[in-house]
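Student: If you scroll down you'll find the structure; I have some questions about it.
The values are calculated or read from the model by the stated rules, or taken from the named source; none is laboratory data. Computed from a prediction, not measured in an experiment: that's the story for all the values here. Don't worry about glycine lacking a Cβ; one is built from the backbone with ideal geometry, like all the others, and counts go over all protein chains shown.
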Amino acid sequence: MLLNGKAVVVTGAGRGLGEAFAVHAAQAGAAVVVNDVDADLAERTAANIRTHGGRAVASAHTVADPVQARAIVDLCVAEYGTIDGLVNNAGLNYEALPWQDDPGQVRELIEVNVLGVIYTGMAAAEAMAEHGRGGSIVNISSGASLGQRKLGAYAASKGAVASLTYSWALDMEEIGIRVNAVCPLAHTRMVWKSERSLRNCPPDRTPSRVAPLVLFLLGDGSRDITGQLIRCNGPQLHLVGQPYLKAPILERQVWDTESVQRAFDEVFSAHLEPYGLEKRVPPRLRKWTEGTPTPLRSA
């Protein structure tokens, strides 16, 4: 059994992706802490695991509070003696145009999607380091981090999770804790809220189709894999490229606004990046590729 003898925490596991991750982890032999702010849903998932012979306890703590986030990890250690894996799945999502967004809703989303990942991950990393067995942290990011319409706050939060994953992987490699992130696409409540998402994610793309990737990252077979962003939408599985410093790199002793303007007019206009998940071409690059580049400015 892939996770036999391991203790794993899954946040946001009352339903959807989190429930699938928790159930599959238990089926693979792990003892699981099923966390969800909806206590009834958390207990329902935990009870289902126990009914089928697995080990599970429920937690209704919120990841958005650092004390409660630590309590989730403490529960795992108290029940099972250690913690070997954490799936940072708890998250919120909604659609809004920037000028119509609600500050209170933005704050709540960031507290769960970003701070919740940080708080729970900090506690898990500390416990893993103390026990000296290493471990695996699997953060749940999203392809929306590349930019998606009406999802600015959500996309920003998942971009933060990706950056956090890269940094933590560097920090924890020497003590045997690997940190990766998964960008899942599955037919869940988050998809139901968006007509666009429903078109791109049919009902057959169930959360269970993403679970094997998460189990692999929790298991010992991924012992040499860290710092990766991996996308799975059911039929497709692929790595997501990481940000990099793009050539050409111009250099001069001092930059002023005129020299910056020349850099864009004469060099960078031909190298602008398509943006967003749909890879929209910037207007300046469209003009350039259509054969009508912005006239070059003289020195």
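Student: On the given criteria, is Gly18 within 27 Å of Val114 (Cβ to Cβ), in contact with a Ser or Thr (Cβ under 8 Å, 6 or more places away or on another chain) and either among the small types (Gly, Ala, Ser) or assigned to a strand (DSSP E or B) (or both)?
Tutor: Here the answer is yes, as Gly18 does meet what is asked.
Student: Free of Cβ contacts under 8 Å to residues at least 40 places away in the same chain, among the polar types (S, T, N, Q) and crowded, with 22+ Cβ neighbours inside 10 Å - does that describe any residue in segment 145-152?
Tutor: Just the residues of segment 145-152 that are free of Cβ contacts under 8 Å to residues at least 40 places away in the same chain, to begin with: 145.
Okay, now just the ones that are also among the polar types (S, T, N, Q), so 145.
If we keep only those that are crowded, with 22+ Cβ neighbours inside 10 Å too, we end up with 145.
Within segment 145-152, one or more residues are free of Cβ contacts under 8 Å to residues at least 40 places away in the same chain, among the polar types (S, T, N, Q) and crowded, with 22+ Cβ neighbours inside 10 Å.
Student: From the list Val112, Val106, Val138, Val117, which residue is closer than 26 Å to Arg280 by Cβ, among the β-branched types (Val, Ile, Thr) and in contact (Cβ under 8 Å) with a residue 24 or more places away in the chain? Even if it seems obvious, please write down each step before you answer.
Tutor: Values: Val112 fails: closer than 26 Å to Arg280 by Cβ; Val138 fails: closer than 26 Å to Arg280 by Cβ; Val117 fails: closer than 26 Å to Arg280 by Cβ.
Only one candidate qualifies: Val106.
Student: A further question follows. Output yes when any residue across segment 165-172 is free of Cβ contacts under 8 Å to residues at least 40 places away in the same chain and of a type outside the set (Ser, Thr, Tyr), and no when none is.
Tutor: Checking segment 165-172: at least one residue is free of Cβ contacts under 8 Å to residues at least 40 places away in the same chain and of a type outside the set (Ser, Thr, Tyr).
Student: Which residues, taken from segment 24-45, are closer than 17 Å to Cys76 by Cα and of a type outside the set (A, V, I, L, M)?
Tutor: Once the filter is applied, which keeps residues that are closer than 17 Å to Cys76 by Cα and of a type outside the set (A, V, I, L, M), segment 24-45 yields Gly29, Asn35, Asp36, Glu43, Thr45.
Student: Have a look at Gly91, Gly5, Gly16 and point out the one that is surrounded by 17 or more Cβ atoms within 10 Å (Cβ to Cβ) and in contact with a strand residue (DSSP E or B) (Cβ under 9 Å, 6 or more places away or on another chain). Show your work before the answer.
Tutor: Numbers: Gly5 fails: surrounded by 17 or more Cβ atoms within 10 Å (Cβ to Cβ); Gly16 fails: in contact with a strand residue (DSSP E or B) (Cβ under 9 Å, 6 or more places away or on another chain).
The unique qualifying residue is Gly91.
Student: Separate question: Of the residues that make up segment 176-184, is at least one modelled with pLDDT of 95 or more and surrounded by fewer than 21 Cβ atoms within 10 Å (Cβ to Cβ)?
Tutor: Yes, the conditions are met somewhere in segment 176-184.
Student: Check off (1) part of a loop (DSSP other than H, G, I, E, B); (2) under 31 Å from the mean Cα position of the chain (by Cα) for His238 and give me the number that stays unchecked.
Tutor: (1)
Student: Could you tell me how many of the residues in segment 136-176 are part of a loop (DSSP other than H, G, I, E, B), among the basic types (Lys, Arg) and out of contact with any Asp or Glu (no Cβ under 7 Å at 6 or more places or on another chain)?
Tutor: Residues of segment 136-176 that are part of a loop (DSSP other than H, G, I, E, B), as a first pass: 141-142, 147-150, 176.
With among the basic types (Lys, Arg) added as a condition, the list becomes 149-150.
If we keep only those that are out of contact with any Asp or Glu (no Cβ under 7 Å at 6 or more places or on another chain) as well, we get 149.
Of the residues in that region, 1 qualify.
Student: Could I ask something else about it? Among helices (runs of 4 or more DSSP H) lying entirely in segment 25-123, which contain 2 or more residues that are of a type in the set (S, T, N, Q), assigned by TED's automatic domain parsing to the domain that holds Arg149 and farther than 22 Å from Gln148 by Cβ?
Tutor: 39-51
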